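Notes for the one structure printed next.
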Amino acid sequence: MNSPIWHPFTQHGLGEPIPLVTRAEGAVLHTADGQRIVDAISSWWVTTHGHGHPRIVAAIAEQAQRLDQIIFAGWTHEPAEEVARGLLDIMPVELTRVFFSDSGSTSVEVALKMALGYWLHRGEPRHRLLVMEHSYHGDTIGTMSVGARGAFNAAYEPLLFDVETLPFPAAGAEQATLDALEAACRARPAALIVEPLVLGAGGMLFYPPRVLAEMRAICARAGVLFIADEVMTGWGRTGTLLACEQAGVVPDILCLSKGLTGGAVPLAVTMASEAIFQAHWSQDRATMFFHSSSYTANPIACAAAAANLAIWREEPVLERVADLSRRQRTRLDALAGMPGIHNPRALGTIAAMEIGGGGGAYLSALGPTLMAHFREHDLLVRPLGNTVYVMPPYCIGDDDLDRVYAAIGEAAERFGRSVKELRDR
Ligand SMILES: *Cc1c(COP(=O)(O)O)cnc(C)c1O
């Protein structure tokens, strides 16, 4: 197709097909040429309940007719107020303030700016940030700076600011992470930012709640702010509303996006503790929080988020999550013995494994082969290199889930030799 569009994370020079999607419902996408595709990755981790949830669709339609957009600096509207109240009802009580923005990356940028503002306005400026190895927090300059360095951002490296990186708490090496954090906290950094329990783009790497709880405790003792980026893990993905819940921790600053609107339209929030808000509170205009974007708290997006919150209150979402978790695990267990499958793992609705050799690598030679394989099977599965994961909308049917796992099994059989062997052929 001759299109002027420059797609994200797409190498146009490879000439890979770019399907034209015309319609979606539940866990299924329909294309212009009549294909029925199972969306096994929730359209890149955003769709929670399913595409086109009737309550979210209706809320968007109704709001678009009433109030489409309004400046949010010094003005407000009912959908935003409703979302803020609804969040306070279900999120940890310590998080008393809601700052709106429009993407996960922006919610993280806002979190970082809040953390630095907090220290500055307390008269104790701090700017060092602690991060975890293999992290991903977005693709803007600030979020790339606090994320893993690699092929994705090598071109911009000179612009990225310095951070202190803690080793990933791999099984058996957890203490090294905690020791590194303890040591790093002595230099009085502003904050630690983490993806709780699951590092998504870093390769669906899991670490235990105990480590998250320990990290939080170390930060609390040292007086270092603790930022949880739940942009991917929030809204039931890991089995609970927030991943932090499983460790019994509450961050000082919480980033939410993706599933905030059920995945229908873009919106994000950064929630903050009262102390962070109060540090910016003053009669002096110079200490206001200097952040905004044109579409901050867009009413249509807020109406979708309000509908999502109502769904969480009124529908058995956590039961659906638990049910999907069981269905994923049964199918993953059935694959686990296959020779081509390495390190099968699951947490909540997320299942992941490496194909053809342990240790994922984003630019693995196997990546494009796997991607083509799933495409041929009418599945939206987008491996991170040779790491294949399944993270479907919670409403996915058994037959569709079976198709996903059958295709993964077939991929393991066809391509499950070691990556090295494949390269040497
Ligand atoms: C997707 C993601 C982001 C970035 O969100 P965008 O909406 O794509 O900007 C940030 N953090 C985590 C953990 C994510 O998974």
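The values are calculated or read from the model by the stated rules, or taken from the named source; none is laboratory data. Note that the coordinates shown come from a computational prediction; the quantities given were computed from them, not determined experimentally. Neighbour counts are summed over all protein chains in view; Cβ atoms, including those assigned to glycine, are modelled from backbone coordinates with ideal geometry. Remember, those area values only see protein heavy atoms, side chains included, never the ligands or the DNA or RNA. Shrake-Rupley method; radii C 1.70, N 1.55, O 1.52, S 1.80 Å.
Give the residue that is modelled with the highest pLDDT, with candidates limited to residues of the range 8-19 that are surrounded by fewer than 11 Cβ atoms within 10 Å (Cβ to Cβ) and assigned to a loop (DSSP other than H, G, I, E, B). Residue satisfying both the conditions and the ranking: Pro8. Please tell me if Ala187 is of a type in the set (A, V, I, L, M, F, W, C), assigned to a loop (DSSP other than H, G, I, E, B), farther than 25 Å from Asn343 by Cα and open to solvent by 70 Å² or more (accessible area, probe 1.4 Å). The answer is yes for Ala187. The residues of the range 240-296 that are within 12 Å of the ligand (Cβ to nearest atom) and assigned to a helix (DSSP H, G or I), listed by number, are Ala243, Lys258, Gly259, Leu260, Thr261. The number of residues in the range 90-104 that are within 16 Å of the ligand (Cβ to nearest atom), among the hydroxyl-bearing types (Ser, Thr, Tyr) and surrounded by fewer than 24 Cβ atoms within 10 Å (Cβ to Cβ) comes to 1. Close Cβ contacts (under 6 Å, 6 or more residues apart or on different chains) running from residues in the range 90-111 that are not assigned by the TED database to the domain that holds Ser293 and of a type in the set (A, V, I, L, M, F, W, C) to residues that are within 16 Å of the ligand (Cβ to nearest atom) and not in a strand (DSSP E or B) are absent. Candidates are the residues of the range 131-163 that are within 11 Å of the ligand (Cβ to nearest atom) and in a loop (DSSP other than H, G, I, E, B); the one that is farthest from Gly203 (Cα to Cα) is Thr140.
Taken over the range 370-398, residues that are open to solvent by 10 Å² or more (accessible area, probe 1.4 Å) and in a helix (DSSP H, G or I) amount to 5.
When Arg237 is tested against (1) farther than 23 Å from Thr143 by Cβ; (2) touching a helix residue (DSSP H, G or I) at 6+ places or on another chain (Cβ under 8 Å); (3) not β-branched (Val, Ile, Thr), just one condition goes unmet, and that condition is (1).
Can you confirm whether Glu109 is surrounded by fewer than 21 Cβ atoms within 10 Å (Cβ to Cβ) and either at negative phi or within 15 Å of the ligand (Cβ to nearest atom) (or both)? In short, no. Answer yes if at least one residue in the range 200-213 is away from the ligand (no atom under 16 Å from the Cβ), touching a Ser or Thr at 6+ places or on another chain (Cβ under 7 Å), in contact (Cβ under 8 Å) with a residue 12 or more places away in the chain and open to solvent by 10 Å² or more (accessible area, probe 1.4 Å), and no otherwise. Taking every residue of the range 200-213 in turn, none turns out to be away from the ligand (no atom under 16 Å from the Cβ), touching a Ser or Thr at 6+ places or on another chain (Cβ under 7 Å), in contact (Cβ under 8 Å) with a residue 12 or more places away in the chain and open to solvent by 10 Å² or more (accessible area, probe 1.4 Å).
Screening the range 34-47 for residues that are in a loop (DSSP other than H, G, I, E, B) and away from the ligand (no atom under 16 Å from the Cβ) and picking the one that is surrounded by the most Cβ atoms within 10 Å (Cβ to Cβ) gives Ala40.
Looking across the range 232-283, the residues that are of a type in the set (Gly, Ala, Ser) and either open to solvent by 40 Å² or more (accessible area, probe 1.4 Å) or over 12 Å from the mean Cα position of the chain (by Cα) (or both) come down to Gly239, Ala247, Gly248, Gly262, Ala264, Ala272, Ser273, Ala275, Ala279, Ser282.
Scoring Thr31 on the criteria (1) more than 29 Å from Leu324 (Cβ to Cβ); (2) polar (S, T, N, Q); (3) open to solvent by less than 60 Å² (accessible area, probe 1.4 Å) leaves a single failure, condition (1). Taking (1) buried (at least 17 other Cβ atoms within 10 Å of the Cβ); (2) in contact (Cβ under 8 Å) with a residue 24 or more places away in the chain; (3) not in a loop (DSSP other than H, G, I, E, B) in turn, Gly367 satisfies each apart from (2).
Considering the range 224-239, the residues that are within 17 Å of Leu129 (Cα to Cα) and in contact with a Lys or Arg (Cβ under 8 Å, 6 or more places away or on another chain) include one that is nearest to the ligand (Cβ to nearest atom), namely Phe226.
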